[in-house]
Amino acid sequence: MDIKEQIKRLKKEKNAVILAHTYQPGDIQDAADYVGDSYGLSVQASNTDADVIVFCGVRFMAETAHILSPSKKVILPAEDAGCPMADMINGDDIVKLKEKYPDYLVMCYVNSTSEIKAHSDVCCTSSNAVKIAQKLPPEKGILFVPDQHLGSYIMEQLGREMVLWDGFCPTHVRIQPEMIKQARELYPDASILIHPEAPRACRELCDQVLSTGQMVQHVKTSETMEFVIATELGLIHTLQRERPDKTYHPLFSGLLCPNMKKGSLEQIVSALEGTGGEVITLPQEIRQKAKYSLTCMLELS
Ligand code: 13P
Ligand code: SF4
């Protein structure tokens, strides 16, 4: 049987849904029931009535789904798919940071481990980070972890100081200002869209700073017909599906997240059959505490 048919049959048999991030390979996006950004995926995970969630993304995303829907079986098909940025701060680091700034609120980017979420007051994604920071009491200091670039973007937007952890996304920091300047010369009619995980010197040269979900919305509704995409290139597949009539140029061909590319259709089959992938579990205490920061994010969004 064709692998796509096999996935469809197994999904029905197990009452499963497949959620995929926009950075996933095209064939996985095409097999998914929902493709979206980190925020959209967490909303889907908390609302689905499926018994099983096959999460095509990286570990923190599958853990977020498990925290929000603990009664469901959440499977990460590519069990070695992590996010290096999420691993740039650990439990000891955050405890020390909180000791140094005892009265500060901790705001964590969703690209963090569940342990870090459990130590945080509120979580955010790249699409709601500015909005959430704006809603935190103005008299309170904020510790923002782990992404220094998203943190600096929030500060620039709000003119509000925060203490930033020095984590970064190894994929987005490969973007250089010269690449943007070159793209501008090559494609003078295109609008350049960049993710807030990219460094400020690059963001400042672009037309729009948007999360992946916001990029999809922007492309769908804007009158512009040509775009340069300065984020992980999996997004171009999503954009081509949504608006095949528009033109998309990758900023450069190597703008890929190796972890997001670890999955395959075969792994989805094994996950659904119960022979492969990892069923996500977390210690109850971490799950409950981490749920607090995620629920707080969903309420403030
Ligand atoms: P989004 O929040 O835009 O989905 O981005 C997630 C991510 O991992 C970006 O590197
Ligand atoms: Fe993590 Fe960057 Fe990959 Fe996103 S693109 S999952 S932040 S390493």
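The values are calculated or read from the model by the stated rules, or taken from the named source; none is laboratory data. Remember, predicted model here, so these are calculated numbers, not experimental data. Here the Cβ is made from the backbone with ideal geometry for all residues, glycine too, and neighbour counts use every protein chain on show.
See the values below:
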{"item": "Qualifying residues in region 77-93 (those that are within 16 Å of ligand 2 (Cβ to nearest atom) and in a helix (DSSP H, G or I)) - the one nearest to Ala16 (Cα to Cα)", "result": "Ala86"}
{"item": "Residue among Lys96, Lys117, Lys140 that is touching a strand residue (DSSP E or B) at 6+ places or on another chain (Cβ under 8 Å), in a helix (DSSP H, G or I) and modelled with pLDDT of 95 or more", "result": "Lys117"}
{"item": "Positions within region 184-222 being touching a Phe, Trp or Tyr at 6+ places or on another chain (Cβ under 8 Å), in a loop (DSSP other than H, G, I, E, B) and within 12 Å of ligand 1 (Cβ to nearest atom), in sequence order", "result": "Pro196, Glu197, Ser211"}
{"item": "Condition check for Tyr23: hydroxyl-bearing (Ser, Thr, Tyr), surrounded by fewer than 18 Cβ atoms within 10 Å (Cβ to Cβ) and within 16 Å of ligand 1 (Cβ to nearest atom)", "result": "no"}
{"item": "Whichever residue in region 240-291 is basic (Lys, Arg) and touching a His at 6+ places or on another chain (Cβ under 9 Å) and, among such residues, is farthest from Arg59 (Cα to Cα)", "result": "Lys289"}
{"item": "Region 120-137 - residue that is within 16 Å of ligand 2 (Cβ to nearest atom) and in a strand (DSSP E or B) and, of those, nearest to Gly151 (Cα to Cα)", "result": "Cys124"}
{"item": "Boolean, Tyr104 is of a type in the set (Phe, Trp, Tyr), at pLDDT 95 or above and closer than 28 Å to Ile18 by Cα", "result": "no"}
{"item": "Close pairs from region 168-186: first of a type in the set (A, V, I, L, M), partner in a helix (DSSP H, G or I) and surrounded by 19 or more Cβ atoms within 10 Å (Cβ to Cβ), Cβ under 7 Å, at least 6 apart", "result": "Ile175/Cys202; Ile180/Cys202"}
{"item": "Filtered residue count, region 254-270, keeping only those that are within 15 Å of ligand 1 (Cβ to nearest atom) and within 23 Å of Arg9 (Cα to Cα)", "result": "1"}
{"item": "Residues (away from ligand 2 (no atom under 14 Å from the Cβ), touching a Pro at 6+ places or on another chain (Cβ under 9 Å) and free of Cβ contacts under 8 Å to residues at least 40 places away in the same chain) located in region 225-246", "result": "Ile236"}
{"item": "Filter pass, Ala45 being over 26 Å from Gly167 (Cα atoms), part of a loop (DSSP other than H, G, I, E, B), away from ligand 2 (no atom under 13 Å from the Cβ) and free of Cβ contacts under 8 Å to residues at least 60 places away in the same chain", "result": "no"}
